[in-house]
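See structure below.
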Amino acid sequence: MIEEIDVDGLSALLENGVVLIDVRMPDEYEQAHVPGALLIPLPELPERLGELPDEETGYVICHLGGRSMKACEFLQTQGYIMVNVAGGTQAWIESGRSTDSGFDLG
């Protein structure tokens with residue numbers, strides 16, 4: 001069973017610096033994403049496991065929640081503790097929260 005969190009809960013947690021992974025495609029991420037989200041497109045996830053937190057819970061977001069749920073299910077089989085963001089980026093936007101656009105190249 002994959003745990004889920006809504007965007008209100010995620011917003012509060014982001015203030016504490018939790019890891020948020022956006023599994024959408026780069027063009028979707030570039031248009032709008034939750035500030036601080038790390039882009040790892042779902043097809044690239046298996047080869048980018050080294051970028052994920054080892055000992056802390058991470059949060060996974062997509063557009064509506066379907067791809068992020070698949071990502072959470074996969075990551076759980078790999079030993080990671082991940083929480084799906086219900087409603088995804090769409091719910092974040094609809095809640096009136098700010099988004100970033102473009103790519104954060106560090």
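Treating the range 26-81 as a set of equal point scatterers at the Cα positions, no solvent, please give the Debye-formula log₁₀ I(q)/I(0) at q = 0.17 Å⁻¹.
At q = 0.17 Å⁻¹ the computed log10 ratios are -0.54.
Suppose only helical runs count, i.e. DSSP H with n ≥ 4. What mean residue ellipticity at 222 nm does that imply for the chain under -39500 (n - 2.57) per run, divided by all residues and rounded to the nearest 500 deg cm²/dmol? Kindly include the intermediate steps, with their values, before the conclusion.
Details: 4 runs with 33 residues, N = 106.
Per the formula, -8500 deg cm²/dmol.
If you put +1 on each Lys and Arg Cβ and -1 on each Asp and Glu Cβ, how big is the dipole of the chain around its Cα centre, in Debye rounded to 20? The partial results should precede the final answer.
Values: 5 positive and 19 negative charges, 42 e Å.
Roughly 200 debye for the chain.
Take 54, 100, 22 and order them by how many other Cβ atoms sit within 10 Å, fewest up front. Don't skip to the end; give the middle numbers.
Numbers: 54 9, 100 14, 22 28.
Ordered by Cβ neighbours within 10 Å, fewest first: 54, 100, 22.
So the label point goes 7 Å from the Cα of residue 64 along Cα→C-beta, right? Which residues of the range 75-106 then have their backbone N under 18 Å from it?
Inside the label zone: 84-95.
For the chain, place one equal point scatterer on every Cα, skip the solvent, and apply the Debye formula. What is log10 of I(q)/I(0) at q = 0.12, 0.23 Å⁻¹?
Result of the Debye calculation: -0.33, -1.36.
For the pair residue 81/residue 101, report the inter-label distance in nm, with labels modelled 7 Å from Cα in the Cβ direction.
Modelled inter-label distance: 3.8 nm.
Output the antiparallel fraction of DSSP beta bridges having both residues in the chain, as a percent to the nearest 5.
Values: 1 of 12 bridges.
DSSP beta bridges in the chain are roughly 10 percent antiparallel.
First measure r as the distance between the Cβ atoms of residue 2 and residue 47, then evaluate 1/(1 + (r/R0)^6) with R0 = 25 Å and state the FRET efficiency to the nearest 0.05.
Details: r = 22 Å, r/R0 = 0.87.
The formula returns an efficiency of 0.70 here.
Where a number appears in this text, it was derived from the coordinates with a stated rule and is not lab data. These numbers were taken from a predicted model, which means no experiment stands behind them. Note: ideal-geometry Cβ built from the backbone for every residue, glycine included; neighbour counts use all protein chains shown.
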